[in-house]
Amino acid sequence: MKKAILIIHVVLLTNCVSAQTNTSTSKLCCNNIGKIYAGEKSIGDSLYAKCVSVDSFISIDIINASEDTLYLFNSYLHDSYTASKFLHKVDVQDSIYKISFLPILPYLGVKTSDVINLSENKISTPFQILYDFIVLPPQTYYEAKIRLATLFKHLNEKENAVTDYNAYSLNKYDRKTKFSFVTVSSLIGYQIKVEFAYYKNVSLLCNQNAYYTNEFDFNKQAKSFKILSLPITIKK
């Protein structure tokens, strides 16, 4: 694959709010913690991101320059899933191609099913993907690495992306979620964006009992994520 040069401009769609750090948060879904960030704070008190390098990977530092602990949604940030058509969203009208790591609520769980789906599209199968977060205390960062060869390996294949939709419209208890699919054979003409989700509180999302016994509040917290959106220009 040819090397790609990416120019990234960061857009923070919502302001960070004070985090309610829950010391009893289960290790069930908070297995990683951000590294101490010693670089220059160029964006002020906020969550922001910057591209570190591009070669065979897109390497992005997501930096918490605020005074609050934040939780980066990490369930799909794995090489096994990045090519899944459910993470590739296309706004046909505005020609926007989104690589979206936002939660797809109806399919996320807190305990895996006894029947294991090994395909990359297990994302759309209930109880296959668990809630998982990177804990970002103040002045820490996480390096997200996305393999380019994997990310776009389905270009030219039929129905390789979903039509863009509002992630906030989904609910934990939705049982008949329908997606429409489009075929993308080239990225030429598209504005490309990468989307990350982060939370200020995940106390219920890391609680198996709450998933079953407090469905309303669990769903409310699951939809409380903020979006970090990075428009990207690819030059080949």
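The values are calculated or read from the model by the stated rules, or taken from the named source; none is laboratory data. Owing to the predicted nature of the structure, the values given are computational and were not obtained by experimental measurement. With ideal geometry, Cβ positions are generated from the backbone for all residues, glycine too; neighbour counts draw on all protein chains shown.
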task: Among the residues of region 127-150, write down those that are in contact with a Leu (Cβ under 9 Å, 6 or more places away or on another chain) and among the aliphatic types (A, V, I, L, M).
output: Ile129, Leu130, Ile134, Val135, Leu136, Ala144, Ile146
- prompt: Has region 132-154 got at least one residue that is of a type in the set (D, E, K, R) and crowded, with 20+ Cβ neighbours inside 10 Å?
  reply: yes
query: Given the structure, is Ser185 within 23 Å of Tyr71 (Cα to Cα), out of contact with any helix residue (DSSP H, G or I) (no Cβ under 9 Å at 6 or more places or on another chain) and either without any contact (Cβ under 8 Å) to a residue 60 or more places away in the chain or not in a strand (DSSP E or B) (or both)?
result: no
field: Positions within region 71-115 being hydrophobic (A, V, I, L, M, F, W, C), buried (at least 18 other Cβ atoms within 10 Å of the Cβ) and more than 11 Å from the chain's Cα centre (by Cα), in sequence order
entry: Ala83, Phe86, Val90, Leu105, Leu108, Val110
query: Looking at Thr163, is it among the hydroxyl-bearing types (Ser, Thr, Tyr), in contact (Cβ under 8 Å) with a residue 60 or more places away in the chain and surrounded by fewer than 17 Cβ atoms within 10 Å (Cβ to Cβ)?
result: yes
- prompt: Filter region 170-198 for residues that are of a type in the set (Lys, Arg) and loosely packed, with under 14 Cβ neighbours inside 10 Å; which is nearest to Asp132 (Cα to Cα)?
  reply: Arg175
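Given the structure, is Asn219 surrounded by 15 or more Cβ atoms within 10 Å (Cβ to Cβ), under 13 Å from Leu72 (Cα atoms), of a type outside the set (A, V, I, L, M) and modelled with pLDDT of 90 or more?
no
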- prompt: Wholly within region 69-166, which strands (runs of 3 or more DSSP E) include no fewer than the required count, namely at least 3 residues that are modelled with pLDDT of 90 or more and of a type in the set (A, V, I, L, M)?
  reply: 133-136
